[in-house]
């Protein structure tokens with residue numbers, strides 16, 4: 001059943017695809033299990049809030065008050081969902 005107007009499903013995309021400055025929530029990690037575990041240890045666990053600061057080939061993001069640089073390959077494995085503001 002399609003969502004009702006005004007209740008659209010949140011858009012999920014990779015951290016690479018996310019526009020800079022848009023706060024988002026991590027919804028999943030798509031890499032190898034060992035590497036996904038390492039990302040979780042760095043704070044990229046499901047439900048963590050992350051904001052992309054800049055970049056496409058080298059992504060700079062802010063997570064838990066810390067800026068982290070990731071390659072586009074790694075950032076492409078991090079699935080996020082933009083958080084709606086009070087716009």
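The values are calculated or read from the model by the stated rules, or taken from the named source; none is laboratory data. None of these values were measured; they are calculated from a predicted model. Every residue, glycine as well, gets a Cβ built from its backbone with ideal geometry; the counts of neighbours run over all protein chains shown.
Observations on the structure shown:
- Meets criteria (in a strand (DSSP E or B) and under 19 Å from residue 84 (Cβ atoms)) for residue 62: yes
- Taking first residues from the stretch 1-24 that are under 18 Å from residue 48 (Cβ atoms) and partners that are at pLDDT 65 or above and assigned to a loop (DSSP other than H, G, I, E, B), the Cβ contacts under 6 Å between residues at least 6 apart in sequence or on separate chains come to 23/83; 24/18; 24/83.
- Residue 47 exposed (fewer than 11 other Cβ atoms within 10 Å of the Cβ), free of Cβ contacts under 8 Å to residues at least 60 places away in the same chain and over 9 Å from the mean Cα position of the chain (by Cα): yes
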